[in-house]
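Please read the structure below before turning to the comments.
Derivation of every value follows stated rules applied to the coordinates shown; laboratory data play no part. Because the structure is a prediction, the values reported are computed rather than measured. Counting neighbours? That spans all protein chains shown, and the Cβs are built from the backbone with ideal geometry, glycine included.
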């Protein structure tokens, strides 16, 4: 079972949202251009011989989906414990000295959005120490960032070299047709029927970020239940004020 650690209490374990656990898998990760990354990630998780796996990609490329899928896959394959941190929930005044305490029981530790957190020397030193500890214990780190290691504003040279030493997986953003397909798949999971005309309209009018698109679908799902209406372009216009 994997856990999410709370920003306000570094050692308090919270379950990840149920929908994230259920929906995210390698099988429903879309984007032909990223298939090689998925294959390499699965291999690294299975072999468990890489201390560091680094996923880089712009917003909307599916980093979060892939990381949640990796956690579920690792749990099933190894039956090991997995721990998750969303690093953009941490702020500069958080105590980095105790941030990564108590992780020895976890075989895989996932740190999402490290680029939003690596803003001080203390943070860099903390991640450097964690990497070195995991190198000795055989634990595995899975990191994500918008930037590849070479483009991170890291001051500590030793940390920079450690980040570059791992398996680097670089994602590209989904094209609009793939985002439409993803929306339709998510709609099916919610028991909704989303015609291509409607998904195309949503993509053209909404933001291209995947999280924004999922929020739009959630809004439409709730409105459809309340008004007992099918998802049509006029209905979407009405609910979203487009």
Cα-based helix-to-principal-axis angle, 35-47 vs the chain, degrees rounded to 10
40
Expressed as a rounded percentage, what relative contact order does the chain have, with Cα pairs under 8 Å and six or more residues apart?
22
Relative contact order for segment 90-188: what percent, with Cα pairs under 8 Å and sequence separation of 6 or more?
28
Specify which labelled value, from (i) 1.29; (ii) 0.96; (iii) 1.01, agrees with Rg/Rh (Cα atoms, Kirkwood Rh) derived from the coordinates of the model shown.
(iii)
For the chain, the longest principal axis of the Cα atoms and the Cα long axis of helix 176-189 enclose an angle in degrees, to the nearest 10, of 80
Quote the relative contact order of segment 176-240 in percent (integer), defining contacts as alpha-carbon pairs under 8 Å separated by 6+ residues.
33
Rounded to a whole number of µm²/s, how large is the Stokes-Einstein D of segment 176-240 at 20 °C and 1.002 mPa s, given Rh as the Kirkwood radius over C-alpha pairs?
187
Between helix 63-78 and the chain, what is the angle of the helix's C-alpha long axis to the longest principal axis, kept within 0 to 90° and rounded to the nearest 10?
60
Segment 61-93 and segment 118-179: distance between their alpha carbon centers, rounded to Å:
14
Would you mind computing, in nm to one decimal, how far apart the modelled labels at residue 42 and residue 136 are, each placed 7 Å from Cα along Cα→Cβ?
3.6
Given the options 182, 192, 108, which has the most mean-square fluctuation in a GNM of the chain, springs set between C-alpha atoms less than 10 angstrom apart?
192
